[in-house]
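Asker: Quick one: the structure is below, questions incoming.
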Amino acid sequence: MKTDSASFQSADSLFPKDRSGVIEWLQSRGDALEALYRRADAVRHARMGDEIPLRGIIEFSNACANDCLYCGIRRSNSKVRRYTLDEKEIVDLARQMEAWQQTTVVLQSGEAETYGDQAIGELIRRIKTETHLAVTLSVGNRSREVYAYWRDCGLDRFLLRFETSDPALYARLHPDGSLKDRLDCLQALRSLGIQTGSGFMIGLPGETIEILAQNILLCRELDFDMIGIGPFIAHPDTPLGGESNAYANDPDMFFRTMAVLRLANPQAHLPATTAYDALFPNSGRNLALQRGANVFMPNNTPARYRKDYLLYPGKPCDDETSEQRASHVFLRLRSLGRPPGVGPGHSHRSQTASAT
Ligand code: SAH
């Protein structure tokens, strides 16, 4: 990248044609890095606006049947106290969220049968009937039939990160499934007309810069509605506990990745994820929002369960109520000069698609 004066409208045409070009951007330093950040912010402003849609997350169960090597709530971690919220508690929380200008509820959990497919369907139906919220699910791999049933219950969106685009690395980290299974699920979601979010972790042990560039290119190729990324953080009670992030010595890489991802996907919703704050307390998510991200996901998991949903250490888990947390989010956005979003915050892709 030569200067930041390049027109951001032409972000699509300027994007490197091949992986080596992406790698070059990911190696930006000094003035070139500042220019990269400025361009990502300009493209975010031009394509997504300044409003920050608030998507409140409820981590409704940490029960999990899978054993992903990096994840703190993996099946084999016997130190975890397992919990599952009941339907009433989830719906009550969802109702409160509306007052806090959170226009989407993101229901996330481990992958287990404790909440059956039908119970989740009924939960979606209740939230869609009793509130004005958009509903996103993030509960892992299911069959096309189950996704279709949830869509018929009113489901708007689904989040399913592919985690890494490298099939061998994926296989090493996930004893319970292949990259192909994951991509098939994403394909099924997309074909059902469910707004589809995916993404990856940055710096998994064994990740090379080639793989990182490929992760970005896969997001561009599959043209997701939303893309969530965040640094890998080693959890001590997992097999990767002793490993460090592949970019431990170059933490700018987490933000370069966000900026390049914005240029690769100008109109995708990109959340500033919690893992950025875990690595850079209080400032990580703000910086992400200034370098390409446009969405914030306040955590509404009840305080008494937060420390039981530790996917990685350093996740903020104070004793504040969800309401106190929600008010801190407003202060944070005000300090950035960015207003909370109004409206459901649906995909810009589907708006474009339905307008044409
Ligand atoms: N069971 C659901 C939700 C997974 S948790 C599913 O499979 O989709 C949400 C995300 O947290 C994961 O997709 C993963 O990218 C991230 N995550 C898990 N462990 C992590 C760690 N140690 N460091 C950083 N991110 C992690």
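The values are calculated or read from the model by the stated rules, or taken from the named source; none is laboratory data. Keep in mind that what you see is a predicted model, and the values were worked out from it rather than measured. For neighbour counting, all protein chains shown are included, and Cβ atoms are generated from backbone atoms with ideal geometry for every residue, glycine included. Just so you know, the surface numbers come from the protein's heavy atoms only, side chains and all, with ligands and any DNA or RNA stripped out. Shrake-Rupley method; radii C 1.70, N 1.55, O 1.52, S 1.80 Å.
Asker: Give me the pairs, please: first residue somewhere in segment 306-323 and under 20 Å from F280 (Cβ atoms), second residue anywhere and open to solvent by less than 30 Å² (accessible area, probe 1.4 Å) and not in a loop (DSSP other than H, G, I, E, B), beta-carbon distance under 7 Å, and either six or more positions apart or on two chains.
Answerer: Y312/A275; Y312/A278; G314/A278; K315/A278; P316/D277; C317/R306
Asker: Within segment 36-57, track down each residue that is of a type in the set (G, A, S) and open to solvent by 10 Å² or more (accessible area, probe 1.4 Å).
Answerer: Of everything in segment 36-57, those that are of a type in the set (G, A, S) and open to solvent by 10 Å² or more (accessible area, probe 1.4 Å) turn out to be A42, A46, G49.
Asker: Please verify whether segment 242-250 includes one or more residues that are away from the ligand (no atom under 14 Å from the Cβ), at pLDDT 95 or above and closer than 30 Å to R349 by Cα.
Answerer: no
Asker: Separate question: For segment 148-163, which residues satisfy the criterion of being surrounded by fewer than 17 Cβ atoms within 10 Å (Cβ to Cβ) and either of a type in the set (D, E, K, R) or within 9 Å of the ligand (Cβ to nearest atom) (or both)?
Answerer: D152
Asker: Follow-up question, since we're still on this one. Any idea which residue in segment 72-111 is nearest to the ligand (Cβ to nearest atom), counting only those that are under 19 Å from the mean Cα position of the chain (by Cα) and of a type in the set (V, I, T)?
Answerer: Residue satisfying both the conditions and the ranking: I73.
Asker: One residue is enough: does segment 60-72 have a residue meeting the conditions surrounded by fewer than 17 Cβ atoms within 10 Å (Cβ to Cβ) and either modelled with pLDDT of 95 or more or closer than 20 Å to V106 by Cα (or both)?
Answerer: Scanning segment 60-72 turns up at least one residue that is surrounded by fewer than 17 Cβ atoms within 10 Å (Cβ to Cβ) and either modelled with pLDDT of 95 or more or closer than 20 Å to V106 by Cα (or both).
Asker: From (1) within 13 Å of the ligand (Cβ to nearest atom); (2) among the hydrophobic types (A, V, I, L, M, F, W, C); (3) touching a residue at least 40 places away in the same chain (Cβ under 8 Å), pick out the condition that doesn't hold for A134.
Answerer: The number of the failed condition is (1).
Asker: Can you name the residue in segment 281-309 that is among the hydrophobic types (A, V, I, L, M, F, W, C) and modelled with pLDDT of 95 or more and is also surrounded by the fewest Cβ atoms within 10 Å (Cβ to Cβ) among such residues?
Answerer: L287
Asker: Another question, if that's okay. Anything in segment 137-147 that is open to solvent by 20 Å² or more (accessible area, probe 1.4 Å) and either among the small types (G, A, S) or within 13 Å of the ligand (Cβ to nearest atom) (or both)? List them, or say none.
Answerer: Selection gives N141, R142, S143.
Asker: Looking at M258 and the list (1) under 25 Å from V43 (Cα atoms); (2) out of contact with any Gly (no Cβ under 6 Å at 6 or more places or on another chain); (3) not in a loop (DSSP other than H, G, I, E, B); (4) not small (G, A, S), which single condition is not satisfied?
Answerer: Looking at each condition in turn, M258 falls short on (2).
Asker: Cβ-Cβ distance below 6 Å, separation of 6 or more or different chains: which pairs start in segment 178-202 with a residue that is among the acidic types (D, E) and end on one that is within 12 Å of the ligand (Cβ to nearest atom) and in a strand (DSSP E or B)?
Answerer: none
Asker: Let me ask something additional. May I ask you to verify whether Y37 is within 16 Å of the ligand (Cβ to nearest atom) and not acidic (D, E)?
Answerer: no
Asker: OK, next. Pairs under 8 Å by beta carbon, first residue farther than 16 Å from A288 by Cβ in segment 222-242, partner open to solvent by 10 Å² or more (accessible area, probe 1.4 Å) and hydroxyl-bearing (S, T, Y), six or more apart or different chains?
Answerer: D225/S350; A234/Y70; A234/S244; A234/Y312; H235/Y70; H235/Y312; T238/Y70; L240/Y70
Asker: Provide a single number: the residues in segment 185-237 that are among the hydroxyl-bearing types (S, T, Y) and buried (at least 18 other Cβ atoms within 10 Å of the Cβ).
Answerer: Total satisfying the criteria: 2.
Asker: Starting from residues that are of a type in the set (A, V, I, L, M, F, W, C) and touching a helix residue (DSSP H, G or I) at 6+ places or on another chain (Cβ under 7 Å), keep the ones in segment 281-296 and report whichever is nearest to the ligand (Cβ to nearest atom).
Answerer: A288
Asker: Got a sec? Which of Q187, Q214 is modelled with pLDDT of 95 or more and farther than 23 Å from I23 by Cα?
Answerer: Q187
Asker: Please specify each residue of segment 312-345 satisfying the condition of being within 16 Å of the ligand (Cβ to nearest atom) and open to solvent by 40 Å² or more (accessible area, probe 1.4 Å).
Answerer: Hits for segment 312-345 are P313, G314, P316, C317.
Asker: Of everything in segment 101-119, what is closer than 25 Å to A326 by Cβ and either assigned to a strand (DSSP E or B) or out of contact with any strand residue (DSSP E or B) (no Cβ under 7 Å at 6 or more places or on another chain) (or both)? Give them in sequence order.
Answerer: T104, V105, V106, L107, Q108, S109
Asker: Identify, from the list R161, R182, R172, R220, the residue that is out of contact with any strand residue (DSSP E or B) (no Cβ under 8 Å at 6 or more places or on another chain) and either within 24 Å of T136 (Cβ to Cβ) or in a loop (DSSP other than H, G, I, E, B) (or both).
Answerer: Step by step, each of R161, R182, R172, R220 is checked, and only R220 is out of contact with any strand residue (DSSP E or B) (no Cβ under 8 Å at 6 or more places or on another chain) and either within 24 Å of T136 (Cβ to Cβ) or in a loop (DSSP other than H, G, I, E, B) (or both).
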